[in-house]
1. Name the single residue, out of those in region 13-47 being at pLDDT below 90 and closer than 18 Å to residue 200 by Cβ, that is surrounded by the most Cβ atoms within 10 Å (Cβ to Cβ).
2. Restricted to region 152-173, and to residues that are buried (at least 20 other Cβ atoms within 10 Å of the Cβ) and free of Cβ contacts under 8 Å to residues at least 40 places away in the same chain, which residue is farthest from residue 137 (Cα to Cα)?
3. Output the residues belonging to region 63-80 that are within 16 Å of residue 4 (Cα to Cα) and touching a residue at least 60 places away in the same chain (Cβ under 8 Å).
4. In the list 45, 29, which residue meets the criterion of being touching a residue at least 60 places away in the same chain (Cβ under 8 Å) and in contact with a strand residue (DSSP E or B) (Cβ under 7 Å, 6 or more places away or on another chain)?
5. Within region 122-139, take every residue that is crowded, with 17+ Cβ neighbours inside 10 Å and assigned to a loop (DSSP other than H, G, I, E, B) and give me the one that is modelled with the lowest pLDDT.
6. (1) touching a strand residue (DSSP E or B) at 6+ places or on another chain (Cβ under 8 Å); (2) over 23 Å from residue 209 (Cβ atoms); (3) touching a residue at least 12 places away in the same chain (Cβ under 8 Å): which one isn't true of residue 52, the others all being true?
């Protein structure tokens, strides 16, 4: 399975969004963290930033919706230009219906699980999602340390996806760096969100390629 690097613009200089996005032209996705100060105790940006990112980004936009009522709001992010919209299991009311709506609009549908949220309720409907995001920190703030305790969930999820013969991606988000990406890749992840590790590096493009190399050496076939 191919390695996908998705830098989070949460750590970018939003005052120079075009320039910051150009720095990651060698990545696969640009990860936009949307936080509403309700589902998580932080406030970031919403649809206007996705529209702006779409305008300037050399890579597709991956919108991570840490918001209440994604059933209502998620489709608007696809309309705004996101190629993928990921909503949280803890917030969504009708996950299958929402995933199908996103897919019908031409987007990729992602399901996010907080560190303490089990995958059991979703095992039989994995084929409804293009991606499952296993949070490797508690959502809401950048720069938190990686939670290795989530890796057994990633391993189980990879086993289930392979057993079902699905192409579903497994994304990890939180504390992903040169020190932790190999562990996540070995567990079965193939899509890696990195914020500080990319945008606080001296050379963001070089950081992306280094993360890709490290993950490629450990990712599942």
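The values are calculated or read from the model by the stated rules, or taken from the named source; none is laboratory data. Note that the coordinates shown come from a computational prediction; the quantities given were computed from them, not determined experimentally. All Cβ positions, glycine included, derive from the backbone under ideal geometry; neighbour counts span all protein chains shown.
1. 44
2. Taking the candidates together, the pick is 161.
3. In the first step, residues of region 63-80 are kept if they are within 16 Å of residue 4 (Cα to Cα); the result is 63-64.
Listed by number, the list holds a single entry, 64.
4. Values: 45 fails: touching a residue at least 60 places away in the same chain (Cβ under 8 Å).
On inspection, the qualifying residue turns out to be 29.
5. Here the residue is 139.
6. Checking residue 52 against (1) touching a strand residue (DSSP E or B) at 6+ places or on another chain (Cβ under 8 Å); (2) over 23 Å from residue 209 (Cβ atoms); (3) touching a residue at least 12 places away in the same chain (Cβ under 8 Å), the one that fails is (1).
Yes or no, residue by residue, for (1) at pLDDT below 95; (2) within 16 Å of the chain's Cα centre (by Cα); (3) not in a loop (DSSP other than H, G, I, E, B):
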residue: 171; (1), (2), (3): no, yes, yes
residue: 176; (1), (2), (3): no, yes, no
residue: 179; (1), (2), (3): no, no, no
residue: 184; (1), (2), (3): no, yes, yes
residue: 198; (1), (2), (3): no, yes, yes
residue: 205; (1), (2), (3): no, no, yes
residue: 208; (1), (2), (3): no, yes, yes
